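Below is one structure, written out as C-alpha cells, with a few remarks after it.
Derivation of every value follows stated rules applied to the coordinates shown; laboratory data play no part. What you see is a predicted model, and the numbers here were worked out from it, not measured in a lab. Every residue, glycine as well, gets a Cβ built from its backbone with ideal geometry; the counts of neighbours run over all protein chains shown.
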Amino acid sequence: MRVGPNSLPEQQASSLLTTFLRQFRGPLIYILLAAVLVSLVLGDLKDALFIGLVLIANGIIGSLQEHTAGKAALALRRLEQPKASVIRDGRLQEIDARLLVPGDIVVLEADRSIGNW
C-alpha cells in the first residue's frame, strides 16, 4: 500500500496573462465587445474606442485584484499547518496532520479548540 501526504494537491497559480484573459468571459463582456464591433461597422470610432478602453481597464483591474487575492490565499494556506496528537511507535507525538498514516492512533482532547490546530 502506498501512503502519501493527507493534503489536497495545491493548484498552480495562474499567470497574470491567463488571469487577464479570463476577465473577458461572461455575457456582459460579450455584449460590450459586440457593441465595439457595431460601433466600428457604423464608423463611430469614438464610441468604439471608449468602450474598448473601458473593457481593457476593467480587465486590468480585475486581473490584478484576482491575481493578488490568489497569492494571498496561497500564502494563508501555507501558514495554516494543522497538528495532530498521535500515538506512533508506542509513544505520544505531535505531528503535522498531513503526515498521518494508517496505523497512527489519533488522540482526541476534549478541551482542545479548533482554533489551536
- Against the longest principal axis of the chain, how steep is helix 45-79, in degrees 0 to 90 to the nearest 10, with axes from Cα atoms? 10 degrees
- Message: Over 18 Å apart: what share of the alpha carbon pairs of the chain falls there, rounded to a whole percent?
- Response: 69 percent
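Please find the FRET efficiency linking Leu28 to Ala73, where r is the Cβ-Cβ separation and R0 is fixed at 22 Å, and quote it to the nearest 0.05.
0.30
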- Query: In what order do Lys46, Lys83, Lys71 fall by count of nearby beta-carbon atoms within 10 Å, going from fewest to most?
  - Reply: Lys46, Lys71, Lys83
- Which of Gly70, Gln81, Gln11 sits closest to the plus end of the dipole of the chain, meaning its Cα is farthest towards the positive end, when Lys and Arg get +1 and Asp and Glu get -1 on the C-beta? Gln11
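Order of Leu32, Leu64 from fewest to most other C-beta atoms within 10 Å?
On the way: Leu32 17, Leu64 14.
Listing Leu32, Leu64 from fewest to most nearby Cβ atoms yields Leu64, Leu32.
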- Task: Report relative contact order for the chain in percent, whole number only (criteria: Cα-Cα under 8 Å, sequence separation at least 6).
- Result: 26 percent
- Helix 27-41 versus the longest principal axis of the chain: what is the Cα-based angle in degrees, 0 to 90, to the nearest 10? 20 degrees
- Based on Cβ point charges of +1 for Lys and Arg and -1 for Asp and Glu, what charge dipole magnitude is obtained for the chain about its Cα centre, in debye rounded to the nearest 20? 180 debye
